[in-house]
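Comments concern the structure below.
The values are calculated or read from the model by the stated rules, or taken from the named source; none is laboratory data. Just so you know, these numbers come straight off a predicted model, no measurement behind them. Cβ coordinates were reconstructed from backbone atoms using ideal geometry, including for glycine residues, and neighbour counts include every protein chain displayed. Ligands, DNA and RNA are stripped out before the accessible areas are found, and what is left, the full protein with its side chains, is counted by its heavy atoms. Shrake-Rupley method; radii C 1.70, N 1.55, O 1.52, S 1.80 Å.
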Amino acid sequence: MALERTLSIIKPDAVAKNVIGEIYARFEKAGLKVIASKMKQLSRAEAEGFYAVHKERPFFNALVEFMISGPVMIQVLQGEGAILKNRDLMGATNPKDAAPGTIRADFADSIDANAVHGSDAADTAAVEIAYFFATTEVHPR
Ligand code: RTP
Ligand code: MG
């Protein structure tokens, strides 16, 4: 397995629930290192740009509204197979389908308010990391 980086976002619902630390603990226990981190109130333009791939989808406006409804916690995770490992920790997009013990099963309320984002492939991870972090803000170790 390769050493990878992935972009993770703790969405406004989970920040509001005060579970940032619990989610970080799951990353660390799974062998993922937080190598960059910032809390941010996304502007509408930032949220629209981040989710531009979903621009034509019926849920796009609701997704953007939700992502700007409060601050998010954004981090870069590094580890062996980090992209898939993080997706496994997150669970299915719809918390109703998420396996027990996953972040979404434990903390998400709905397919919209679903607690976390994680990059889905190496190419999107690179684009998403560069969207939020300068290289000087990322500290691999
Ligand atoms: P994410 O990008 O946030 O990590 O989630 P994902 O890969 O599991 O899901 P994706 O297909 O990329 O969709 C992005 C976000 O849009 C919302 N969504 N709503 N109402 C719907 O049918 C629907 N489908 C997706 C979810 O909040 C999802 O996380
Ligand atoms: Mg996605």
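Looking only at the range 87-107, count every residue that is within 9 Å of ligand 1 (Cβ to nearest atom) and touching a residue at least 24 places away in the same chain (Cβ under 8 Å) and tell me the total.
Result for the range 87-107: 2.
Suppose we filter 123, 112 for residues that are under 15 Å from the mean Cα position of the chain (by Cα) and either charged (D, E, K, R) or open to solvent by less than 80 Å² (accessible area, probe 1.4 Å) (or both); which single one remains?
Selected residue: 112, the only one of 123, 112 that is under 15 Å from the mean Cα position of the chain (by Cα) and either charged (D, E, K, R) or open to solvent by less than 80 Å² (accessible area, probe 1.4 Å) (or both).
List the residue pairs whose Cβ atoms are under 9 Å apart, where the first residue sits in the range 20-37 and is more than 19 Å from residue 125 (Cβ to Cβ), the second is open to solvent by 50 Å² or more (accessible area, probe 1.4 Å), and the two are 6 or more positions apart or on different chains.
Filtered contacts from the range 20-37: 20/39; 22/106.
Name every residue in the range 67-86 that is within 14 Å of ligand 2 (Cβ to nearest atom) and touching a residue at least 12 places away in the same chain (Cβ under 8 Å), in order of residue number.
Answer for the range 67-86, where residues must be within 14 Å of ligand 2 (Cβ to nearest atom) and touching a residue at least 12 places away in the same chain (Cβ under 8 Å): 67, 83, 86.
Going through the range 20-37 one residue at a time, which ones are surrounded by 18 or more Cβ atoms within 10 Å (Cβ to Cβ) and among the β-branched types (Val, Ile, Thr)?
Answer for the range 20-37, where residues must be surrounded by 18 or more Cβ atoms within 10 Å (Cβ to Cβ) and among the β-branched types (Val, Ile, Thr): 23, 35.
Is there a residue being within 12 Å of ligand 2 (Cβ to nearest atom) and within 14 Å of residue 11 (Cβ to Cβ) anywhere in the range 96-109?
no
Within the range 50-63, does at least one residue satisfy the condition of being surrounded by 12 or more Cβ atoms within 10 Å (Cβ to Cβ), within 16 Å of ligand 1 (Cβ to nearest atom), hydroxyl-bearing (Ser, Thr, Tyr) and under 17 Å from residue 117 (Cβ atoms)?
Within the range 50-63, one or more residues are surrounded by 12 or more Cβ atoms within 10 Å (Cβ to Cβ), within 16 Å of ligand 1 (Cβ to nearest atom), hydroxyl-bearing (Ser, Thr, Tyr) and under 17 Å from residue 117 (Cβ atoms).
Residue 16: hydrophobic (A, V, I, L, M, F, W, C), loosely packed, with under 14 Cβ neighbours inside 10 Å and within 16 Å of ligand 1 (Cβ to nearest atom), yes or no?
yes
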